[in-house]
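Since every read-out is calculated from the coordinates, none of them should be taken as a lab result. None of the values given here were measured: they were computed from a predicted structure. Positions of Cβ are generated from backbone atoms using ideal geometry, with glycine treated the same way; all protein chains shown enter the neighbour counts.
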Amino acid sequence: MKGEITALATIVALTTGAGAIAFAADDWGKFQVEDRRSGYTYATAETQAMQDDEFANPAMLWVEHGEEAWNKVDGEAGKSCNSCHGNAAETMKTVGSTYPVFAKDIGKLENVEDRINRCRTDNMKAKAWKYDSQNMLGMVSYVKRQSLGQPMSVKIDGEAAPWFEKGKAFYTQRRGQLDMACSHCHVDNAGNMIRANTLSQGQGNGFPTYRLKWQKPGSLHRRFRGCNKQVRARPFKTGSDEYLALELYVMWRGRGLPVETPAVRN
Amino acid sequence: MASKPRVRVPKTAKKGEIITIKSLISHKMETGRRKDSKTGELIPRQIINKFVCNFNGKQVFASDWHPAVSANPFMAFNFKAEESGEFEFVWTDDDGSTYSKKASLTVN
């Protein structure tokens with residue numbers, strides 16, 4: 001009898017010990033700001049390791065491609081990105097954490113993809129790149145990489161306010177055959193399982209993200225399309241106004257989280 | 001198809017030290033089992049089927065790859081450093097072409 005009690009006491013002690021360890025592991029450091037958690041904190045240790053090691057991170061191949069394209073002259077104007085913007089490490093430093101922004105010249109919200117294409121067609125007189133093409137993913141990854149570690153801080157007041165409201169409405173609007181809104185998964189059930197996957201808060205701070213399922217990086221709008229298809233709704237086009245507004249809202253949701261571009265997720 | 005093979009080898013090592021060598025190459029690794037979404041035709045297989053590492057001309061690591069290997073394959077292995085020399089990494093594609101990269105190691 002006495003032996004049993006001792007054994008029981010040991011088990012209790014062990015359980016408490018394990019609880020303490022689990023609690024310590026819940027401290028996500030820079031990947032958590034208040035109750036906002038980066039998708040990194042929901043990823044497996046293997047996936048996190050892949051993102052942490054700049055060499056093992058396959059998306060860095062795209063970043064390198066983007067760096068080459070940055071210095072490459074293209075189009076009739078005979079310019080490269082470098083001709084006007086110079087050293088990306090300085091000139092692009094805040095782009096990853098502040099886009100999308102309201103562009104006064106065109107009177108609408110603009111994300112990095114759109115801004116690059118506007119530069120290409122207007123200033124370089126070159127052909128626009130397609131969303132999620134290798135060139136576009138490379139350039140966006142390279143540009144956003146310059147903001148690595150900076151806290152996300154998009155502007156949602158002034159002329160961006162109507163876009164923000166539109167994005168917010170999109171986020172809570174039920175849609176598709178399953179009649180689900182973004183918030184049902186990413187607010188109400190973040191951290192819970194959906195079939196075999198863990199739902200994250202759906203933060204945008206690591207995009208373009210290398211998704212192991214895709215076997216390549218993809219834009220945030222591609223991810224939106226995937227989500228919309230999964231609730232059996234008809235997805236909008238990449239680069240559409242609906243997704244631009246949603247992008248602004250999603251980026252605001254992740255305010256304060258560090259830019260992780262290019263992140264690796266399952 | 002593939003481009004820019006990357007390897008990471010420490011520049012120097014002590015004699016007898018075990019070093020980790022990492023490699024990464026960009027390749028689509030088309031399995032040959034996928035169908036074109038428009039035509040319904042099978043997309044022909046194109047993968048890297050062999051990865052070899054030579055040190056001073058002598059083979060020190062080799063592996064055969066199969067269609068289940070992911071796109072942009074990453075390969076890491078350990079190596080016991082005994083003498084200075086040069087590594088040569090060679091990836092062989094299904095279409096017969098090869099991609100290679102060299103890196104040198106100094107043992108002191």
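Of note:
- Which listed pairs, of A:LYS108/A:LYS216; A:LYS104/A:LYS229; B:LYS22/B:LYS50; A:LYS127/B:LYS4, have C-alpha distances above 23 Å, in listed order: A:LYS108/A:LYS216; A:LYS104/A:LYS229; A:LYS127/B:LYS4
- Computed from the Cβ-Cβ distance with R0 of 30 Å, the FRET efficiency linking A:GLU90 to A:SER183 stands at 0.20.
- Model label sites at A:GLU159 and A:GLN32, defined 7 Å from Cα along the beta-carbon direction, differ in position by 4.0 nm.
- R0 of 51 Å, Cβ-Cβ distance A:GLU242-B:ARG33: FRET efficiency to nearest 0.05: 0.90
- Rel. contact order, % - alpha carbon contacts under 8 angstrom, at least six apart, segment A:60-145: 45
- Spatial extent of segment A:119-263: Rg and Dmax, with the Cα atoms as the point set, Å: 15.6, 48
- Highest GNM mean-square fluctuation among B:ASP93, B:ASP36, B:ASP64, for chain B modelled with Cα contacts below 10 Å: B:ASP36.
- Rh (Kirkwood; distinct C-alpha pairs) - chain A, Å: 20.0
- Viscosity 1.567 mPa s, temperature 4 °C, Stokes-Einstein D of segment A:207-266 from Kirkwood C-alpha radius, µm²/s: 106
- Förster radius 41 Å - calculated FRET efficiency between B:ALA68 and A:ASP105 (Cβ-Cβ, nearest 0.05): 0.25
- 0 to 90° range, to nearest 10: angle between helix A:161-172 axis and chain A longest Cα axis: 40
- Using alpha carbons only: equivalent-ellipsoid semi-axes of segment A:123-189, gyration tensor based, whole Å: 30, 18, 16
- Exercise: per-residue mean of other protein chain Cβ atoms within 10 Å, A:54-63: 4
- Here the relative contact order of chain A, from alpha carbon pairs under 8 Å that lie six or more residues apart, stands at 26 percent.
- For segment A:60-145, the fraction of alpha-carbon pairs in successive 5 Å shells from zero, as %: 3, 15, 24, 30, 20, 7, 1
- Given +1 at the Cβ of Lys and Arg, -1 at the Cβ of Asp and Glu and no other charges, the dipole of the protein assembly as shown around its Cα centre is 700 debye to the nearest 20.
- Segment B:ASN56-B:LYS102, extension gain: residue separation times 0.36 nm, minus the distance between their alpha carbons: 15.5 nm
- Under a model in which nothing but the beta-carbon of Lys, Arg (+1) and Asp, Glu (-1) is charged, segment B:3-107 shows a dipole of about 360 debye around its Cα centre.
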